[in-house]
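Below is one structure, written out as structure tokens; the observations come after it.
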Amino acid sequence: MEWWSMTPTEVLKKLRTEERTGLSENEAKKRLETDGRNRTEQGEGKKGFRRRFLAQFNDFMILLLIGAAVASVAISYWNGEKDFLDAAIILAIVVLNAFLGVLQESRAEKALEALKALSAPKASVLRGGEEKEIPAEEVVQGDILLLAAGDYICADGRILENQGLKTEESAITGEALAIEKEEGVLAEKTLPSDRKNMVLAGSYVLAGRGTVAVTATGMATEIGKIAALLAEQEERETPLQKKLGETGRLLGMGALIICGIIFGMGLLRRQPPFPMFMTSVSLAVAAIPEGLPAIVTIVLAIGMQRMARKNTIIRRLPAVETLGSAEVICSDKTGTLTQNRMKVTRLAAIGKGLEQDEEKRRFILTLFTLCNDVKRQGTKIIGEPTEKALAEAAEEGGVSLKGLWKEMPRIGEVPFSSERKLMTTVHPSGGKWISVTKGAPDILFEKCAYCLDGGRQAVFDGRRKSEARLKNGEMAANALRVVAVAFREWDEEPLFFTAEELERDLVFAGMAGMMDPPRPEAQAAVEICQRAGIRPVMITGDHALTAQAIAAELGIYRAGDTVLTGQELEQMSDEALERAAEDCTVFARVSPAHKVRIVKAFQKEGRVVAMTGDGVNDAPALKAADIGCAMGKNGTEVAKGAADMILMDDNFATIVEAVREGRGIYENIRKAVHFLLSSNIGEIMTIFVAMCFGWATPLLPIQLLWVNLVTDSLPAIALGVDPADADSMEQPPRRGNSLFSDGMVSSIALEGAMIGMLALLAFGIGHIYFDEEGAYITGRTMAFAVLSLSQLIHAFNMRSEHSLFRISPLGNPMLLLAFFIGCLMQIGVIMVLPLAEIFKVCPLNGKEWLVVAALALAPLPIVELEKLCDRRRRKK
Ligand code: ATP
């Protein structure tokens with residue numbers, strides 16, 4: 001027997017589970033242990049330490065260096081010198097560098113893994129009689145899955161109860177149409193595509209609700225069997241990483257060419273070829289910015305961790321980059337800009353006297369309670385805020401929820417959807433039947449032919465319709481969210497009716513207006529946006545007047561702005577919409593499908609758009625937006641899956657905070673790149689210029705490699721976690737994606753030249769004033785010290801485009817730490833005798849150190865001057 005050819009009872013029996021209670025926690029635990037976690041294995045799996053370590057040597061220049069070191073051993077052996085020290089040191093430094101590389105890589109990867117776990121999909125199951133939300137990976141065979149619109153289906157299962165379930169199974173079958181599910185028993189030979197009483201892992205629920213007994217998990221599912229990848233392919237590299245990889249390769253080529261020239265010039269000047277070759281290769285290893293993409297990954301990963309602590313979970317790395325350049329933030333109203341703590345403050349109906357008439361009020365509230373999905377749990381009412389507010393108002397008005405549900409149970413329903421903005425339920429009523437429809441007033445009115453006027457049924461004529469509209473508008477203009485309710489009595493049971501048939505010729509009963517106060521922090525966040533040149537836009541399913549009133553309260557809607565409704569939108573061409581979007585800050589009564597058009601309209605003007613969403617149908621808009629933001633609390637799994645980031649607290653202010661972080665992270669990457677490149681150019685300049693003038697080489701190969709070790713990774717990473725400039729949100733968003741804008745290229749070149757000159761100056765002074773006749777050792781030592789110390793100092797210049805005296809010198813403890821470690825390593829190598837011998841330097845005396853200190857500190861005043869000139873020029 002197959003699962004689809006059994007009755008639900010047989011299925012439950014075979015699975016040893018209960019429909020009402022599900023598995024016990026204990027049993028589930030046991031099954032998880034025997035069956036394994038519910039996941040389809042993906043990709044190559046994690047790289048071990050050894051593979052990672054070896055990968056660090058997968059670089060031509062490093063291999064060349066190792067080859068050269070080995071060759072030097074061979075040659076010295078040949079010459080009978082037996083001098084292995086140089087080669088050993090080179091190897092040691094290379095290994096140490098590789099270690100650092102692995103450390104950085106695994107740190108970044110761990111951070112990314114941890115974040116991934118945070119955004120892992122969840123599933124609702126029955127366990128021990130209680131509804132529980134658990135990680136989808138922990139679902140086991142026999143679990144009772146509770147499905148609702150917007151859920152990812154994480155396992156294969158047999159449907160036990162079906163309330164209009166529709167699923168999308170294109171990930172498994174390629175079939176893009178919605179599939180309507182059934183409960184019945186099917187023949188054993190039914191083809192997979194026709195097994196309508198089964199749900200498949202990897203699909204999702206488009207509409208309806210259902211209960212499902214899990215029949216297979218993990219690799220045993222259909223999708224597991226065909227070994228398709230469940231999750232969509234994640235982009236491996238962000239645009240920035242790609243670009244930096246390219247830039248790095250280009251600069252690397254440049255460095256290589258220069259190193260080649262240096263080697264050639266050395267040969268022409270009849271320098272001994274082998275040492276010359278070692279110098280050139282070491283210089284290439286030191287100067288090629290091979291670490292650029294890795295630094296970016298680390299900075300992005302650290303930034304993501306920081307954002308996670310502030311309630312933003314980044315699902316796709318590129319979003320961090322894009323966030324910083326966001327120009328429009330389209331936000332839902334309910335729950336994101338408002339508190340989603342609704343309270344009914346007014347009831348209204350046609351005619352007069354509702355305020356005083358308890359009974360009439362109770363009747364309206366009774367209808368609102370019937371057509372309602374809330375549940376009672378002890379003293380608490382749980383459910384969607386709008387419905388909860390209505391149920392609470394009913395209870396306060398004397399309606400007994402439980403009594404009512406028992407007396408008139410629901411026997412049919414058309415669920416609420418953001419497109420229809422209506423919901424209908426059917427109940428038995430004194431031998432007959434009644435259907436109750438509630439929804440957005442303007443839409444419900446169109447479905448009504450009659451109304452209760454002063455409690456008596458009457459035709460819903462023009463006059464009464466205008467009265468209803470007026471009352472609706474009045475409440476909406478007072479920022480109330482309005483829901484209307486209507487009913488219809490049936491002599492026959494209206495069970496197999498379509499929504500269309502059920503929602504016709506209704507009797508309009510009344511309306512409820514509820515308050516949903518704005519989030520207190522939203523107003524400040526809107527202000528920050530506007531100062532930062534970002535346009536906040538409200539997109540809502542609510543009434544235009546309600547939306548406008550709340551938008552005005554928050555400062556989103558300002559005098560002169562326009563409000564567009566979904567209806568108006570529908571009549572516009574895309575071009576007209578682009579024009580209209582120019583000064584529209586509120587889109588009201590829109591449905592999810594409109595959101596895509598709105599995003600595209602903004603994007604057409606070249607804007608970077610962030611968009612929030614929570615429902616299944618928001619997924620396309622979330623994907624279309626440059627930054628799709630899903631709601632962490634009230635969002636569906638599908639929305640989360642489509643989004644670039646998840647707002648854990650569903651809060652507008654959190655998006656703005658994330659933009660601030662995004663801007664900071666981008667700036668920090670720029671700082672790290674700027675630092676790395678100017679330092680590397682400094683190293684090349686030192687050797688190149690000396691070579692051009694026919695001087696002795698100012699630094700030996702191991703010295704170059706050591707400088708690279710001391711100055712490259714640590715300060716760059718420290719710059720990557722620099723706290724954001726205080727005024728980062730006072731500036732307009734950066735346009736375009738050029739990392740090297742604003743004259744960065746020229747300042748990198750200038751500063752590189754500066755570092756090179758300082759090192760050469762140290763070499764010259766040391767050689768002329770302190771070296772003994774014919775020796776270079778003091779000169780080299782001083783050049784060695786200045787080259788690395790001046791870079792460590794120069795790192796502080798990167799912290800701000802403004803004068804350093806404007807920011808706190810202690811603002812970045814990581815950088816201070818990197819600085820001290822670097823200084824310690826550098827000074828140690830010179831002052832500790834055995835080390836000094838190995839590195840072919842000599843301990844310096846006080847006078848010499850004084851010169852070194854003066855030269856190493858010079859980048860501070862020089863770059864201050866450069867910044868001053870820059871500011872002057874920009875002002876002009
Ligand atoms: P936002 O997009 O800002 O979250 P919203 O939550 O107001 O907007 P919807 O949930 O689509 O958007 O609601 C649109 C309208 O539908 C509401 O103004 C209300 O009149 C009506 N409505 C909302 N919830 C229900 C419900 N559960 N039953 C019936 N009608 C509802």
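The values are calculated or read from the model by the stated rules, or taken from the named source; none is laboratory data. All values derive from a computational prediction rather than experimental measurement. When we count neighbours, we look across all protein chains shown, and the Cβ atoms used for this are built from the backbone with ideal geometry, even at glycine. These area figures cover heavy atoms from the full protein model, side chains too; ligands, DNA and RNA do not enter into them. Shrake-Rupley method; radii C 1.70, N 1.55, O 1.52, S 1.80 Å.
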* To do: Could you look at the chain and say what percent of its accessible area is carbon and sulfur, using a 1.4 Å probe and all protein chains?
  => 57 percent
* Taking the Cα centre of the chain as origin, sum charge times position over the Cβ atoms of Lys and Arg (+1) and Asp and Glu (-1), and report the length of that vector in debye to the nearest 20. => 1240 debye
* Find which of PHE496, ALA630, ASN58 sits farthest along the positive direction of the dipole of the chain, computed with +1 on the beta-carbon of Lys and Arg, -1 on that of Asp and Glu, about the Cα centre. => ASN58
* Which value, in Å² and to the nearest 10, is the accessible area of GLU182 when all protein chains are kept and the probe is 1.4 Å? -> 90 Å²
* Ratio to report: Rg/Rh of region 564-608, with Cα atoms as the point set and Rh obtained by the Kirkwood method; give two decimals. => 0.91
* Pull up the DSSP beta bridges for the chain and report the antiparallel fraction as a percent, rounded to 5. => 75 percent
* Structure fact -> Note, PHE740: beta-carbon cut-off 10 Å, +1 each Lys/Arg, -1 each Asp/Glu, net +1
* So how far, in whole Å, is the C-alpha centre of region 347-388 from the one of region 57-100? -> 82 Å
* Structure fact -> Rounded to whole angstrom, the alpha-carbon centroid of region 185-203 lies from that of region 730-795 at a distance of 70 Å
* Alpha-carbon centroid distance for the pair region 508-564 / region 265-294, whole angstrom -> 62 Å
* To do: Could you work out the local net charge near THR612, counting Lys and Arg as +1, Asp and Glu as -1, over the other residues with Cβ closer than 9 Å to its Cβ?
  => -4
* Find the accessible area per residue for the chain; the probe is 1.4 Å, ligands and nucleic acids are left out, and the unit is Å². => 45 Å²
* Amide H neighbours of CYS330 under 5 Å, counting only residues 5+ apart in sequence or on other chains, H built in-plane at 1.01 Å? -> VAL537, ALA610, MET611, THR612
* By a straight-distance test (C-alpha under 22 Å), which lysines pair with LYS623 as possible cross-link partners, with residues fewer than eight away in the same chain excluded? -> LYS116, LYS122, LYS166, LYS242, LYS333, LYS595, LYS600, LYS604, LYS633, LYS640
* Heavy-atom accessible area order for ARG346, ARG306, largest first, 1.4 Å probe -> ARG346, ARG306
* Structure fact -> To the nearest 20 debye, region 491-640 has a Cα-centred charge dipole, built from +1 on Lys and Arg Cβ and -1 on Asp and Glu Cβ, of 980 debye
* Structure fact -> When every protein chain stays in place and a 1.4 Å probe is rolled, THR636, THR562 sorted by accessible area with the largest first are THR562, THR636
* Structure fact -> Expressed in square angstrom to the nearest 10, the accessible area of ASP194 with a 1.4 Å probe stands at 80 Å²
* **Accessible surface of ARG663 - all protein chains present, 1.4 Å probe, nearest 10 Å²** => 20 Å²
* Asked: Using every alpha carbon pair in region 344-511, what percent of pairs falls into each 5 Å bin from 0 up to the bin containing the largest distance?
  -> 1, 9, 19, 22, 23, 16, 8, 2, 0, 0
* Average Cα contact separation per residue, the chain, under 8 Å, 6 or more apart, as relative contact order % -> 11 percent
* To do: Using the Kirkwood radius over Cα pairs, work out the Stokes-Einstein diffusion coefficient for the chain at 10 °C and 1.306 mPa s, in µm²/s as a whole number.
  => 50 µm²/s
* Asked: When the solvent-accessible surface of protein heavy atoms is calculated with a 1.4 angstrom probe, in what order do ILE411, ILE646 fall, highest first?
  -> ILE411, ILE646
* Asked: Rounded to the nearest 500, what is the chain's calculated 222 nm mean residue ellipticity when only DSSP H runs of at least 4 contribute -39500 (n - 2.57) each, over all residues?
  -> -15500 deg cm²/dmol
